[in-house]
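The structure appears right after this line, and notes come after that.
The values are calculated or read from the model by the stated rules, or taken from the named source; none is laboratory data. Remember, it's a predicted structure, so these values are computed and weren't measured experimentally. Glycine gets a Cβ as well: all are built from the backbone with ideal geometry, and neighbour counts include every protein chain shown.
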Amino acid sequence: MLFLDELAEFAPAVLDALRQPLEEGRIRLARAHGAVSFPARFLLVAASNPCPCGNAGTPQPCRCSEAARRRYRRRLSAPLLDRFDLRLGVQRPDVDRLTGQVVEEGSEAVADRVTVAREVARRRGVGANRDLAGSLLDRHAALDRSGRALLGDALRQHRLTARGVDRVRRVARTLADLAGEAGSVLSDEHLSVALYLRAEPEALLGADS
Ligand SMILES: [Zn+2]
């Protein structure tokens, strides 16, 4: 797993260099004396503030200049964010959470569910659902009429890119696996949650103007 904290603080060249290994699962290095390719199949997790001071979109006033905010957002380009299967805006934790008044499900219970879902994916012949492609995707993450309409609407409204369609299907498959649903056709509920978990870059970072 590769965790990049403060994603927007990385140099644009570094972020660009992530795209190819993310797509291919291998990293290619070309030098004067030859080219080599190494395995680079990793889970990328990244976090970023919405602006350099971190206050944009919160009740606190943002102290950044317009130029600083724009520069920050340009680094989190749409093509880069499109390669993340899950994109979520998170708020500051409230007082009840910080003081332990809210009881969350324990990590162990979640880990058990994940282990079961991984096992289901392995029985499909892949390490994880992210590797489902082509006929395997059609077999295990099939769309009925209503599912096709749901994704079609998201595409037409530009809430989803062409690259995102298969990614949403894989996430919906994983949600179904976590819920213990074995049917091969994705439900509207799981597709809707997968779309929700793929927040548009504009929704996360605010409009550019
Ligand atoms: Zn700010």
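So the values come out like this:
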read-out	value
Options His140, His158, His190: the member that is within 21 Å of the chain's Cα centre (by Cα) and on the phi > 0 side of the Ramachandran plot	His158
Every pair of residues 6+ apart whose Cβ atoms lie under 8 Å, when the first sits in region 126-151 and is without any contact (Cβ under 8 Å) to a residue 40 or more places away in the chain while the second is surrounded by fewer than 20 Cβ atoms within 10 Å (Cβ to Cβ) and outside any helix (DSSP H, G or I)	Leu136/Arg124; Leu136/Gly125; Leu136/Val126
Qualifying residue in region 48-57 (condition: surrounded by fewer than 13 Cβ atoms within 10 Å (Cβ to Cβ) and either among the aliphatic types (A, V, I, L, M) or outside the structural domain of Thr161 (by TED's automatic domain parsing) (or both))	no
Members of region 163-178 that are of a type in the set (Lys, Arg) and either over 21 Å from Leu81 (Cβ atoms) or in contact (Cβ under 8 Å) with a residue 60 or more places away in the chain (or both)	Arg163, Arg167, Arg170, Arg173
Answer residue from region 45-67, given it is among the small types (Gly, Ala, Ser) and modelled with pLDDT of 90 or more and is farthest from the ligand (Cβ to nearest atom) among those	Ala46
Long-range neighbours under 6 Å by Cβ, at least six apart or interchain, first residue closer than 18 Å to Asp5 by Cα within region 37-59, second within 12 Å of the ligand (Cβ to nearest atom) and outside any loop (DSSP other than H, G, I, E, B)	Ser48/Ala8; Pro50/Leu205; Cys51/Arg69; Cys51/Tyr72; Pro52/Ala68; Pro52/Tyr72
Cross-chain or 6+ apart pairs with Cβ under 6 Å, region 1-20 first and in the same structural domain as Cys51 (by TED's automatic domain parsing) and within 19 Å of Arg71 (Cβ to Cβ), then at pLDDT below 90 and not in a helix (DSSP H, G or I)	Ala8/Leu76
Members of region 1-36 found to be farther than 19 Å from Phe84 by Cα and either hydrophobic (A, V, I, L, M, F, W, C) or exposed (fewer than 12 other Cβ atoms within 10 Å of the Cβ) (or both), listed by number	Leu29, Ala30, Arg31, Ala32, His33, Gly34, Ala35, Val36
Test: residue in region 10-27 that is away from the ligand (no atom under 16 Å from the Cβ), part of a strand (DSSP E or B) and more than 22 Å from Val90 (Cα to Cα)	yes
Selection status of Arg83, within 24 Å of His158 (Cβ to Cβ) and either touching a His at 6+ places or on another chain (Cβ under 8 Å) or away from the ligand (no atom under 16 Å from the Cβ) (or both)	yes
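For every residue, the table says whether it meets (1) under 25 Å from Gly25 (Cβ atoms); (2) modelled with pLDDT of 95 or more; (3) exposed (fewer than 15 other Cβ atoms within 10 Å of the Cβ).
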site: Asp131; (1), (2), (3): yes, no, no
site: Ala141; (1), (2), (3): yes, yes, no
site: Gly147; (1), (2), (3): no, yes, no
site: Gln157; (1), (2), (3): no, no, yes
site: Val168; (1), (2), (3): yes, yes, no
site: Leu186; (1), (2), (3): yes, yes, no
site: Ser192; (1), (2), (3): no, yes, no
